[in-house]
Amino acid sequence: MPRIREQNHIIRSKNHDSGREEIGEMIKIPYLTALSTYFSYGLLFAFGQFRDFFRKIFDSWHSSNLQGYAPICLGLEDFYIRRLYLRIQDCFGRPISSSPGAWFDVVERHSNDNNKTLKRTTKVTRCLNLGSYNYLGFAAADEYCTPRVIETLKRFSPSTCSPRVDGGTTILHNELEVCVANFVGKPAAIVFGMGYVTNSAILPVLIGKGGLIISDSLNHNSIVNGARGSGATVRVFQHNTPSHLEEVLRQQIAEGQPRTHRPWKKIIVIVEGIYSMEGELCKLPEIVAICKKYKAYVYLDEAHSIGAVGKTGRGVCELLGVDTADVDIMMGTFTKSFGSCGGYIAGSKELIQYLKYTCPAHLYATSISPPAAQQIISSIKVILGEDGSSRGAQKLARIRENSNFFRSELQKMGFEVLGDNDSPVMPIMLYNPAKIPAFSRECLKQNVAVVTVAFPATPLLLARARICISASHTKEDLLKALEVISQVGDLVGIKYFPAESDKQHQEPGALKLE
């Protein structure tokens, strides 16, 4: 069973202008919280097993057409879905009926069978959107992007209906790859129609048997599946801990391949720019230095950081002062900051040419939709100011200001907020299973839509609400969200730390939202 994440919790913040790390006081999470979380899950599991026992007895009385077959759904995951997830599934997968802007329309649902099934109604509720990855606000209609996307739809079609190597390459795809390569600072790039596949399909092409993948312990599931499918040996280092990465590298290089102890054919270290469930920035400068020392390739997943951080939106390399030439493979998605879909790999011309010859996602999958490609190209032009305005710079300044303000205010209220400054992702720890639906439902009652995250997306005991801030949020939006979250936090009991006094709120130099 996973251990409690932090009995001794150190509040960290990073001053990226000076490069100095500031470590605050050590705060201990109350043991009562840990014990109540264990007890709650234990109670749910006990009652679930009790119900399953009687279910088997009653089912044995009825004949079944599947008698003699092995259960198609079996195991802990199936038990978890039936006995825990279905009880609160109204908090997940809520359908919307508008674009995911700062505000969106949430479709109301009801259940007549204790949440086993949910039926949509015709009623919608206008809610403040704190869940979508709409970091720069491009998911809603944009004065520059939207007309060009519509024209592209008229000129081409919603889909190419073909892989890139057949009839699926338009002039837009070629333009997009050049645009992305220039934006991220690499010689060449290749784009795909799905962000998840960008990781899971690329890694088995880059490395195979005889190779070594060293992956951060909290890397995304797409990386995990890609690494498993590669056939390479996989080792994990402690989350965002360069010293442990060096220890693992040194040990693996010394031991070599299993059984034969031959040298590794190649070593790839995989990290994320911003970790999507923690909101933490990767310690990229230290990791790059270690990889250089041991001649290991660096694979950087910038799904949540590209477009969202850095002075000109070029991600963690720009933010942390890392030369993109020192990162061998740069991966990112277009589903967050660019308001579109798909993903990319950027690297040397030789690497990209190799991937175009060998990657299944390029050879067999339908290419990215032309309107989606145009949306990416147009949004990048806005970010860089090539649309003739300063809206891109304003969006980047706004998301940084909004994120830092919101994080600071949540911490002052006493919430346990993970992550670093400048990150638009800020998880609020819930822990107890009963607080997952309570927090989500109470926020929705007050027209604030939040995303709660639980197992299997996180370890069983580390449930959280994940807030995603957007440049499209106004000051009034953020203040309303803070007011509602504070009220619900008091009601549910998730303010694990003492709130700061009014005097501290008004200290000179405190972060203000203009």
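The values are calculated or read from the model by the stated rules, or taken from the named source; none is laboratory data. Please read all numbers here as calculations on a predicted model, not as lab measurements. As a convention, Cβ positions derive from the backbone with ideal geometry for all residues, glycine included, and neighbour counts pool all protein chains shown. SASA here: full protein model, heavy atoms, side chains in, ligands and nucleic acids out. Shrake-Rupley method; radii C 1.70, N 1.55, O 1.52, S 1.80 Å.
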Simple Cβ-charge dipole of region 262-420, Lys/Arg +1 and Asp/Glu -1, about Cα centre, in debye nearest 20: 380 debye
Search the structure for amide H atoms under 5 Å from the amide H of ILE368, placed 1.01 Å from N in the peptide plane, and list their residues when 5 or more places away or on another chain. GLY193
Can you tell me the length gained on complete extension of the stretch ARG250 to LYS123, counting 0.36 nm per residue apart and subtracting the Cα distance? 39.8 nm
Going by a ≥ b ≥ c, the root eigenvalues of the Cα gyration tensor, does region 140-208 fall in the rounded group (a/c under 1.5), the prolate group (a/b larger than b/c) or the oblate group? prolate
Once phi for every residue in region 241-249 is put through the Karplus expression 6.51 cos²θ - 1.76 cosθ + 1.60 (θ = phi - 60°), the whole-Hz ³J(HN,Hα) values, with Gly and Pro written as x, are 10, x, 4, 6, 4, 5, 4, 5, 4
Over every pair of different alpha-carbon atoms in region 424-505, take the mean of 1/r and invert it; report that Kirkwood radius in Å. 13.5 Å
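Leaving out ligands, DNA and RNA, what percent of the accessible area of region 339-392 is carbon and sulfur, probe 1.4 Å?
Details: 1080 of 2020 Å².
Carbon plus sulfur share of accessible area: 54 percent.
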Pop out the carbon and sulfur fraction of the accessible area of region 36-147 as a percent, whole number, probe 1.4 Å. 58 percent
Compute the Kirkwood hydrodynamic radius of region 261-320, taking the inverse of the mean of 1/r over all pairs of distinct Cα atoms, and give it in Å to one decimal. 12.4 Å
Which order do peptides 164-174, 485-495 fall in by mean Cβ count within 10 Å, highest first? 485-495, 164-174
Test item: Cα-centred dipole of the chain, Lys/Arg +1 and Asp/Glu -1 on Cβ, debye: 1220 debye
Shape call, region 27-118: gyration tensor on alpha carbons, a/c limit 1.5: oblate
Calculate, for region 299-424, the solvent-accessible area per residue in square angstrom, rolling a 1.4 angstrom probe over the heavy atoms of the protein chains. 31 Å²
Which order do the peptides 127-136, 303-312, 42-51, 228-237 take when ranked by the mean count of other beta-carbon atoms within 10 Å per residue, highest first? 303-312, 127-136, 228-237, 42-51
Residue-normalised value, i.e. accessible area per residue, for region 178-238 at 1.4 Å probe, in Å², stands at 35 Å²
Values of log10 I(q)/I(0), in the order q = 0.16, 0.17, 0.19, 0.21 Å⁻¹, for region 171-313 under a Debye, Cα-only, solvent-free model: -0.90, -1.00, -1.21, -1.40
If I stretch the segment between TYR38 and TYR294 completely, what's the gain in nm (0.36 nm per residue apart, minus their alpha carbon distance), one decimal? 88.0 nm
Here the Cα Rg-to-2.2 N^0.38 Å ratio for region 209-275 is 1.08
Counting only residues 5 or more apart in sequence or on a different chain, those whose built amide H sits under 5 Å from that of ASP422 are ASN404
Given axes a ≥ b ≥ c from the Cα gyration tensor, I'd like to know whether region 77-234 is rounded (a/c under 1.5), prolate (a/b larger than b/c) or oblate. oblate
Can you list residues whose amide H is under 5 Å from ARG235's amide H, if they're 5+ apart or on another chain and H is modeled 1.01 Å from N? ILE213, ILE214, SER215
Vicinal HN-Hα couplings computed from phi for region 35-51 (Karplus, 6.51 cos²θ - 1.76 cosθ + 1.60; Hz; Gly/Pro x): 5, 5, 5, 4, 5, 5, 5, x, 5, 5, 5, 5, 5, x, 5, 4, 5
Rounded to the nearest 20 Debye, what is the dipole magnitude of region 367-512 about its Cα centre when Lys and Arg each give +1 and Asp and Glu each give -1 at the C-beta? 240 debye
Per residue accessible area in Å² of region 40-167, where ligands, DNA and RNA are left out and the probe is 1.4 Å: 66 Å²
Helix-only estimate, please: 222 nm mean residue ellipticity of the chain, summing -39500 (n - 2.57) across DSSP H runs of length 4 or more and dividing by its residues, to the nearest 500. -12000 deg cm²/dmol
What ³J(HN,Hα) values, in whole Hz, does the Karplus curve 6.51 cos²θ - 1.76 cosθ + 1.60 give for region 462-476 when θ = phi - 60°, with x put for Gly and Pro? 10, 5, 7, 9, 9, 8, 10, 8, 10, 5, 7, 6, 8, 4, 5
